[in-house]
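FYI, it's all coordinate maths here, none of it is from the lab. Predicted model, so just to flag it, every value in this text is computed and none were measured. A quick note on method: Cβ atoms are made from the backbone with ideal geometry, for glycine too, and the neighbour counts reach across all protein chains shown.
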Amino acid sequence: MSASTGAGTRGVLRSAKVSVRLGPVARSAADAHVPALVDDHFARRLAGRDADLWGPAAASEASKRLGWVDLPRTAGALVPQIMELRDELTDEGVDRVVLCGMGGSSLAPEVITATDGVPLVVLDGTDPRQVERAISTDIERTVVVVSSKSGSTVETDSQRRAFEAAFRAAGIEPTTRMVAVTDPGSPLQALAVDAGYRRVFCADPEVGGRYSALTAFGLVPAGLAGADISALIEQAASVAPSLAGDSPDNPALVLGAALGGTDPLRDKVVLIDDGSGLVGFGDWAEQLLAESTGKQGTGLLPVVVAAADAPEVTSPGDDTLVVRLCGPESEPEPGQAEVCVSGPLGAQMQLWETATAVAGRLLGINPFDQPDVESAKAATRQLLDRGTTGEQPPAFTDGAVQVRGTQGLLDGVDTLDGALAALLGQLDSERGYVAVMAYLDRESDAGLAGLREPLARRCGRPVTFGWGPRFLHSTGQYHKGGPATGVYLQITGSGSGGGDVEVPGRPFTFGQLIAAQAAGDAQVLAEHGRPVLRLNLTDRARGIEQLLSLVG
């Protein structure tokens, strides 16, 4: 890697593949931490899979989660197998690829295919309308990739069952159209082998889900969909040597220091695309940062914004770091509290994974575990086992919105506007954030995402927006394990505009599953002392319009 200047001067670092440009605040963080990282040989030790880099408490978990550092060198071996299967399917007229997966099993393939401009249907939700649309569209030319690291993810297992039933109903033998991606020895591997699935791909078990872009989890669905996965791997391989070097010009050391080393910590990381050409990269980086760092009362909260004039960009707070994802031909001079990063997708994925490991070191946490993700899953399972969501009657109904809240939040409140004001009244004006959690259909109900920006303008604090249950595998960890500075707006919908969808062989429907996931998440947040305002839309179209009108 060559550098036009070091981190301590103008803060511009370049290689043939990535560029990291630092504004004054980020440059100070790099100046403070990169020399010590270099002296400690952090980059070389990470490339050598040294599990002691994050302290004794993290060593056991880290020793089982560092396989990703070798992927730029080893991932190419998987490409011929994927291309062979793709050619077989194409010859049979099967050209619609559906991915059933959550979190790390879906976010990387989604950004890879979107950036490459090839179609991939990502089913990462449990809303009945979303499921019905996926299983009823062009089933005769569909192949389904069932992707789960544990092999027991309830959302993915439920989607698998629905697709198998849909294939049978269409007169298609399901096993000819089912591909499994999982860890060796998982329940999904056993099921797929016993059933005779078209193909079973086992990924490296020493790579965690959010670091798995260059494993079978990222490459199989993306490659089957038509993405150039060989180029992706080559991009990562081209930057890997510079990321492994103990040099002050190592872009991963500098980016990691900028993310995790500001003092005081700027823990709201605002991600804005500024001509990068990487479609949906912010959503992938969101999981990587939030789930890796949001624990032990600290962490980095990604705030993915769509517009350059979003309030978090134009008026960032003292706890905010703006990261601009730029194209090679559009590299603006970074502002006071900004970082500008550019490079092709494969190189950026390797850069950000390495930088996140660096940030974890500076934050004093283990970047490879997710101790609070399981709590919401357990609460969901308990509700499903009881055959109920345990839902209490709403405190009141305003128009098309039923309103509930954590204890004491709605005392003396009887309007939707008053309920929102009560929630925002709990917000820390200096360090707080609002999390909007929408347990709805991210396609049919996409207009609800327009709530984020006007809500941020109203409250003057960063606002995140996540579709449930997929965000549970992402920012959900930060919500519970990060600093207790958030307030939470949960939005569900009983008026789906259509019927429910059965989960074959299970005692619950998809409608009951998503309701239990929302209720379980709210329950765990309440147990952590987080204020939660829960809004259920009895008519989705009217309810969304009502909310947008309220904050707009």
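Considering only PHE368, ALA419, THR406, and ranking their Cα positions along the charge dipole of the stretch 307-421 that arises from unit charges at the beta-carbon of Lys, Arg, Asp and Glu, the one farthest toward the positive end is PHE368.
If R0 is 51 Å, what FRET efficiency do you get for SER150 and LEU548 from their C-beta distance, rounded to 0.05?
0.85
Once the mean of 1/r is taken over each pair of separate Cα atoms and inverted, the stretch 373-551 shows a Kirkwood hydrodynamic radius of 16.4 Å.
Taken along its principal axes, the alpha carbon cloud of the stretch 70-233 reaches lengths of 43, 30, 28 Å, longest axis first. Among (1) 21, 52, 24, 3, 0; (2) 23, 56, 21, 0; (3) 18, 40, 29, 12, 0, find the value of P(r) over Cα pairs in 20 Å bins from 0, in percent that was calculated from the structure presented, and write down its label. Recomputing P(r) over Cα pairs in 20 Å bins from 0, in percent here gives the entry labelled (2). Short-range pairs are left out: with C-alpha atoms under 8 Å and at least six residues apart, the relative contact order of the chain is 18 percent.
For GLN336 and THR176, the FRET efficiency from 1/(1 + (r/R0)^6), where r spans their Cβ atoms and R0 equals 35 Å, is about 0.05. Projected label points at ASP500 and ALA421, each 7 Å from Cα along the beta carbon direction, are separated by 3.8 nanometres. Each Lys or Arg adds one and each Asp or Glu takes one away; over the other residues whose Cβ falls under 13 Å from the Cβ of THR175, this sums to +2. Near the amide H of ARG506, within less than 5 Å, lie no amide hydrogens of residues on another chain or at least 5 residues away, with H placed in the peptide plane.
Only helical runs count toward this figure. For the chain, summing -39,500 (n - 2.57) over DSSP H runs of n ≥ 4 and dividing by all residues gives -12500 deg cm²/dmol at 222 nm.
Taking all Cα pairs closer than 8 Å and separated by 6 or more residues, the relative contact order of the stretch 373-551 comes to 36 percent.
For the pair the stretch 27-51 and the stretch 172-222, the centres of their Cα atoms are 35 angstrom apart.
Between the exposed loop cleavage positions of the chain, defined as trypsin sites (Lys or Arg not before Pro) in a non-H, G, I, E, B DSSP state with at most 15 neighbouring beta-carbon atoms within 10 angstrom, the longest gap is 65-552. The length gained on full extension between GLU140 and HIS528, counted as 0.36 nm times the residue separation minus their Cα-Cα distance, comes to 135.0 nm. Near the amide H of LYS295, within less than 5 Å, lie no amide hydrogens of residues on another chain or at least 5 residues away, with H placed in the peptide plane.
Calculate, for ALA378 and ALA541, the FRET efficiency according to 1/(1 + (r/R0)^6) with r their C-beta to C-beta distance and R0 30 Å; round to the nearest 0.05.
Approximately 0.30, to the nearest 0.05.
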